[in-house]
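Undergrad: I'd like to ask some things about the structure below.
The values are calculated or read from the model by the stated rules, or taken from the named source; none is laboratory data. Because the structure is predicted, anything quoted here is derived from the model rather than measured. Every residue, glycine as well, gets a Cβ built from its backbone with ideal geometry; the counts of neighbours run over all protein chains shown. Ligands, DNA and RNA are stripped out before the accessible areas are found, and what is left, the full protein with its side chains, is counted by its heavy atoms. Shrake-Rupley method; radii C 1.70, N 1.55, O 1.52, S 1.80 Å.
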Amino acid sequence: MQIETIDTSPYDDQKPGTSGLRKKVTTFQQRNYLENFVQSIFNSLNGIEGTTLVLGGDGRYFNRQAIQTIIKIAAANGFGELIIGQGGLLSTPAVSHIIRKYQAFGGIVLSASHNPGGPTEDFGIKYNVSNGGPAPEKFTDALFENSKTIGEYRLARIDDIDLDHIGRQQIDGLSIDIIDPVADYAELMAQIFDFDLLKQSIGSGYLNLCFDAMHAITGPYAKRILEEILGAPAGSVINATPLEDFGGGHPDPNMAHAKELTQLMFSPQAPTFGAASDGDGDRNMIMGANIFVTPSDSLAIMAANAGLIPAYRKGISGVARSMPTSQAVDRVAKAEGLPCFETPTGWKYFGNLLDDGQITLCGEESFGTGSDHVREKDGLWAVLFWLNLIARRRQSVADIVHEHWQHYGRDIYCRHDYEAVDAAVANGIMEHLRGQLNGLANQTFGDYTVKFADEFSYTDPVDHSVSHNQGIRVGFTDGSRIVFRLSGTGTVGATLRIYLEKYEPDADKHAQDAQQALSALIEIAEQLCEVKKRSGKSGPDVMT
Ligand code: G16
């Protein structure tokens, strides 16, 4: 294999965000932009010679082209084997599983997750380490430093690889395996859940469902598992073909973007169960007839019912949630005597806790839930968890949720996103908030009195690394909270996220509309951060 060393100049904007590097496709198409980043990944790793790398993406525009480039750089850097999903496709949780199953050195995931795709939209790239999880901050910091000084990259002079046919190709010392993207993952799901019970419940018509793949990666996974293996009628999976531009939509599984599903679930024709996943298959939205389950509640309900699922029958070791996620799961953990951890936003922060066996389940308000079966959040896993739960409890989604609230109280929750805010304005808002932190405790706003106000820092209980500046928290004496954070996944300007939460123990008040129940906190949030005043926006762009 002929290997060339090519001169390049660094870019100064290759700092990975919450989950890898996400930029416009046009940014990635700049000369050597992708090449620099990939070589910087490999420069930050030790001992890759002869090892295995997993490679795949969500099929968005630029996926195929990027994979061909990455193959050539990986070959030149000495990997011995590349495992690639057919057509260049692999969901994020499938990459995580394949890394673990085949004991690969690591994996590269090509995705900008829930962000739109297409020539003028977004692309992304992320490195996962040998436990199958996203690289920790220590690695992404080293990678960024590398990218700022890079002067050359290595490239193998080989032809483009046929990505469409399953099988092994050998180029000198390098094996390239094109694999079925779904098979390993489907096998894992069958080990976790009660597939016989699911087949029975679906076959008898007790469980009917609609899954919206949003023209993204979970289409082939959901078709195979839900329709072919479990026997859901053809058409139960909608928008099932992955498209480079996701059909012009925004592959974000929430009620604002999964409109077709939402309309169906709030109509008289609603099936028992509805769900959607995102661009790369790690997020999930759970719905029942006439009900949307917040991701925070979903995590709490999973934790409370884990014993009904075969893989967790023997019990779970602990739970974790990201800081802005509601405290619903904390109540379950307290009742069950389980350890409960509060981590910064970003799945990578769960990795050490999972590896160390301190937690089994974890989740985030941003439509992510998962367990120790892989090291990524997992959309279809969450869907199968809920289906298994419904089949075991033989209750509707609404009944399961309402019973949960009756037992634990309801954490009424909502997130308001102000998108594409000018970066200087957004930073000004955060500075303005920081400036108030010292004087906020004991201040009263209407019925609410501030108990504490701080900027969240996290010390990893396993490796003791510290992550600072992870969002501003204002906690009130009744347990309510407002959290302010700037998103680390956007590509245009800045996105301010405001997370609002209020605990309601009184079952007579559980039916309230979240926006209404949170209206006083919404006003306090504006008073504190002045986002409307400073950005000129009249309200949030998205509410989830
Ligand atoms: C990523 C991370 C999640 C995070 C989410 C939102 O998800 O893996 O841990 O909660 O982004 O992050 P932010 O609030 O910074 O935008 P995904 O699905 O986009 O990969």
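Undergrad: Apply 1/(1 + (r/R0)^6) to the Cβ-Cβ distance of His407 and Gln2, taking R0 = 60 Å, and write down the FRET efficiency to the nearest 0.05. Each step should come with its number before you reach the end.
TA: On the way: r = 66 Å, r/R0 = 1.10.
With a Förster radius of 60 Å, E is 0.35.
Undergrad: Let me ask something additional. Once R0 is set to 56 Å, what does the formula 1/(1 + (r/R0)^6) return for the Cβ-Cβ distance between Gln527 and Asp172, expressed as a FRET efficiency to the nearest 0.05? Walk me through the intermediate numbers first.
TA: On the way: r = 66 Å, r/R0 = 1.17.
About 0.30, to the nearest 0.05.
Undergrad: Where both partners of a DSSP beta bridge lie in the chain, what percent of those bridges are antiparallel, to the nearest 5?
TA: On the way: 64 of 92 bridges.
Around 70 percent antiparallel, to the nearest 5.
Undergrad: Report, ordered by chain and residue number, the lysines lying within cross-link reach of Lys15, taken as a straight Cα distance under 28 Å and ignoring same-chain residues fewer than 8 apart.
TA: Lys23, Lys24, Lys72, Lys126, Lys138, Lys148, Lys348, Lys377
Undergrad: Hey, another quick one. Among 257-264, 97-104, how do they line up by average Cβ neighbours within 10 Å per residue, starting with the highest?
TA: Details: 257-264: 18.4, 97-104: 20.0.
Going by the mean number of other Cβ atoms within 10 Å, highest first, we get 97-104, 257-264.
Undergrad: Here is a further query. Could you order Asp478, Asp378 by accessible surface area, starting with the largest, using a probe radius of 1.4 Å? Mind showing how you got there, number by number?
TA: Numbers: Asp478 75, Asp378 0 Å².
The most accessible residue leads, giving Asp478, Asp378.
Undergrad: Run the quick spin-label model on Asp478 and Ala420: label points 7 Å from Cα toward the beta carbon, then report their separation in nm to one decimal.
TA: 3.7 nm
Undergrad: Accessible area per residue of the chain at 1.4 Å probe, in Å²? Walk me through the numbers on the way to the answer.
TA: Numbers: 20040 Å² over 544 residues.
Accessible area per residue, the chain: 37 Å².
Undergrad: Now a separate question. Tell me, what is the 1.4 Å probe accessible area of Ser457, in Å² to the nearest 10?
TA: 60 Å²
Undergrad: Turning to a different aspect of this structure: Give the value in nm², to one decimal: projected area of the alpha carbon convex hull of region 56-111, averaged over all directions.
TA: Numbers: hull surface 14.1 nm².
Projected area, direction-averaged: 3.5 nm².
Undergrad: Round to a whole number: what % of the accessible area of the chain belongs to carbon and sulfur, probe 1.4 Å? Present the calculation step by step, with values, prior to reporting the outcome.
TA: Details: 9200 of 20040 Å².
Carbon and sulfur atoms account for 46 percent of the accessible area of the chain.
Undergrad: Run the quick spin-label model on Gln395 and Asn427: label points 7 Å from Cα toward the beta carbon, then report their separation in nm to one decimal.
TA: 5.0 nm
Undergrad: How much accessible surface does Asp372 have with a 1.4 Å probe, in Å² rounded to 10?
TA: The value for Asp372 is about 60 Å².
Undergrad: Fully extended, how many nm does the chain gain between Asp141 and Arg434 (0.36 nm per residue separation, minus their Cα-Cα distance)?
TA: Values: separation 293, 0.36 × 293 = 105.48 nm, distance 2.48 nm.
That works out to 103.0 nm of additional length.
Undergrad: For region 254-297, build the convex hull from the C-alpha positions and give me its volume per residue in Å³. Present the calculation step by step, with values, prior to reporting the outcome.
TA: Values: hull volume 2.9 nm³, N = 44.
Normalising the Cα hull of region 254-297 by residue number yields 67 Å³.
Undergrad: Note down the accessible area of Ile70, probe 1.4 Å, to the nearest 10 Å².
TA: 0 Å²
Undergrad: Given N residues in region 306-404, what is its alpha carbon radius of gyration divided by 2.2 N^0.38 Å? Let's see the in-between values first.
TA: Values: Rg = 13.1 Å, N = 99, 2.2 N^0.38 = 12.6 Å.
Expressed relative to 2.2 N^0.38 Å, the Cα Rg reads 1.04.
Undergrad: Pairs of alpha-carbon atoms within less than 8 angstrom and 6+ residues apart define the contacts here; what relative contact order does region 205-254 have, in percent? Don't skip to the answer; put the middle values down first.
TA: On the way: 68 pairs, mean separation 23.4, N = 50.
Worked out over region 205-254, it gives 47 percent.
Undergrad: A follow-up question, please. Pop a pseudo-label 7 angstrom from the Cα along the beta-carbon direction at both Arg31 and Thr241 and give the gap in nm to one decimal.
TA: Rounded to a tenth, the inter-label distance reads 3.9 nm.
Undergrad: Next up: Hey, if we sort Lys24, Lys314, Lys532, Lys451 by accessible area with the 1.4 Å probe, largest down, what's the order? Walk me through the numbers on the way to the answer.
TA: On the way: Lys24 50, Lys314 205, Lys532 75, Lys451 135 Å².
Correct descending sequence by accessible area is Lys314, Lys451, Lys532, Lys24.
Undergrad: Using only the alpha-carbon atoms, what does the chain span along each of its principal axes? Please give whole angstrom values in decreasing order.
TA: 72, 60, 42
Undergrad: Ignoring ligands, DNA and RNA, how do Thr477, Thr325 rank by accessible area with a 1.4 Å probe, largest first?
TA: Correct descending sequence by accessible area is Thr477, Thr325.
Undergrad: By how many nm would the segment from Asn46 to Ala335 grow when fully extended, if each residue of separation counts as 0.36 nm and the alpha-carbon distance is taken off? Don't skip to the answer; put the middle values down first.
TA: Details: separation 289, 0.36 × 289 = 104.04 nm, distance 4.46 nm.
Length gained between Asn46 and Ala335: 99.6 nm.
Undergrad: At 222 nm, what value in deg cm²/dmol follows for the chain if DSSP H runs of at least 4 each add -39500 (n - 2.57) and the sum is divided by all its residues, to the nearest 500?
TA: That comes out to -9000 deg cm²/dmol.
Undergrad: Here's another thing I want to ask about it. Distance from the Cα centre of region 1-43 to that of region 181-212, in angstrom?
TA: Region 1-43 and region 181-212 have Cα centres separated by 40 Å.
Undergrad: Something else now. Between Ala183 and Thr444, what length in nm is gained on full extension when 0.36 nm per residue of separation is reduced by their alpha carbon distance? Mind showing how you got there, number by number?
TA: Working: separation 261, 0.36 × 261 = 93.96 nm, distance 5.67 nm.
Gain on stretching Ala183 to Thr444: 88.3 nm.
Undergrad: Could you order peptides 355-366, 3-14 by the average number of other Cβ atoms within 10 Å of their residues, highest first? Mind showing how you got there, number by number?
TA: Working: 355-366: 21.9, 3-14: 13.0.
Peptide ranking by packing, descending: 355-366, 3-14.
Undergrad: Can you tell me the FRET efficiency between Gln263 and Ser457 if r is taken as the Cβ-Cβ distance and R0 is 60 Å, rounded to the nearest 0.05?
TA: Values: r = 43 Å, r/R0 = 0.71.
That pair, Gln263 with Ser457, gives E of 0.90.
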